[in-house]
Amino acid sequence: DARVTQTPRHKVTEMGQEVTMRCQPILGHNTVFWYRQTMMQGLELLAYFRNRAPLDDSGMPKDRFSAEMPDATLATLKIQPSEPRDSAVYFCASGLPGLAGAYNEQFFGPGTRLTVL
Amino acid sequence: AQSVSQHNHHVILSEAASLELGCNYSYGGTVNLFWYVQYPGQHLQLLLKYFSGDPLVKGIKGFEAEFIKSKFSFNLRKPSVQWSDTAEYFCAVMGSGGGALNFGKGTSLLVTP
């Protein structure tokens with residue numbers, strides 16, 4: 001049963017510390033998405049990659065957030081320095097393009113629950 | 001501006017009651033529509049999707065949704081809810097060119113025994 005995996009599942013850190021979240025997309029999926037879920041804003045796109053190249057990172061605060069795909073099996077989201085307002089659940093999702101570039105389904109990982117004190 | 005609106009933020013129903021959750025969108029061009037469900041403490045799972053064809057789509061666990069283009073709506077329905085349907089439900093839209101999902105704020109459903 002292919003799944004998107006994310007580590008860590010929970011992270012508590014202090015303000016100013018660096019946080020790195022990892023995602024392993026489903027094997028063969030060439031598109032990876034990072035979403036953030038908060039009570040106030042709901043689910044928001046941070047960034048997404050296709051074939052490891054960033055296509056859209058307009059939702060990501062550039063001064064402290066960075067997203068990369070070192071290889072096809074690993075996506076990382078880094079926050080440096082972290083702030084209390086970054087507390088949220090961060091979801092990774094992966095997919096394959098279908099007709100006209102649309103994705104039939106994005107498969108979501110279990111999320112990383114980040115708490116910044 | 002592109003947006004997705006879910007009318008009900010919190011819904012409480014008794015078991016066996018019928019469910020309808022509203023979703024409206026504002027998008028230019030052709031859209032692909034989705035409903036995702038998030039059970040407590042779990043990740044998002046796809047309930048159903050609409051790309052083209054029959055505007056009435058059936059999903060898992062007895063859910064269905066109807067795409068009404070003239071109303072820019074994609075409401076989710078279930079004739080008889082169960083306690084296990086307690087979850088958060090998200091409507092999402094994707095442009096025809098693919099890319100990321102644009103989610104509504106979600107509707108929290110509580111089904112009481």
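Computed values, structure above
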read-out	value
Average accessible area per residue (Å²) across the protein assembly as shown - probe 1.4 Å, nucleic acids and ligands excluded	48
Spatially proximal aspartates and glutamates relative to B:K69 (Cα-Cα < 20 Å; intrachain offsets below 8 disregarded)	B:E20, B:D54
Label point at B:T112 placed 7 Å out along Cα→Cβ; residues across segment B:9-52 whose backbone nitrogen lies under 18 Å	B:9-20
Computed lengthening from A:T76 to A:H10, 0.36 nm per intervening residue step minus Cα-Cα distance	22.2 nm
Cα-based radius of gyration of the protein assembly as shown once divided by 2.2 N^0.38 Å, which approximates compact folds	1.02
Size of electric dipole in chain A: Cβ of Lys, Arg +1 and of Asp, Glu -1, about Cα centre, debye, nearest 20	160
Whole-number D in µm² s⁻¹ for segment B:3-112, Kirkwood Cα-pair radius fed into Stokes-Einstein, 4 °C, 1.567 mPa s	93
Inter-part distance where segment A:34-48 and segment B:47-61 are each reduced to a Cα centre, Å	25
√(5λ) per eigenvalue of the Cα gyration tensor, chain A, largest first, Å	24, 14, 13
B:L56-A:M39 FRET efficiency (beta carbon distance; Förster radius 35 Å; 0.05 resolution)	0.60
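The values are calculated or read from the model by the stated rules, or taken from the named source; none is laboratory data. In this text the structure is predicted, and so the values were computed from the model without any measurement. Don't worry about glycine lacking a Cβ; one is built from the backbone with ideal geometry, like all the others, and counts go over all protein chains shown. These accessible areas exclude ligands, DNA and RNA; they are computed on the full protein's heavy atoms, side chains included. Shrake-Rupley method; radii C 1.70, N 1.55, O 1.52, S 1.80 Å.
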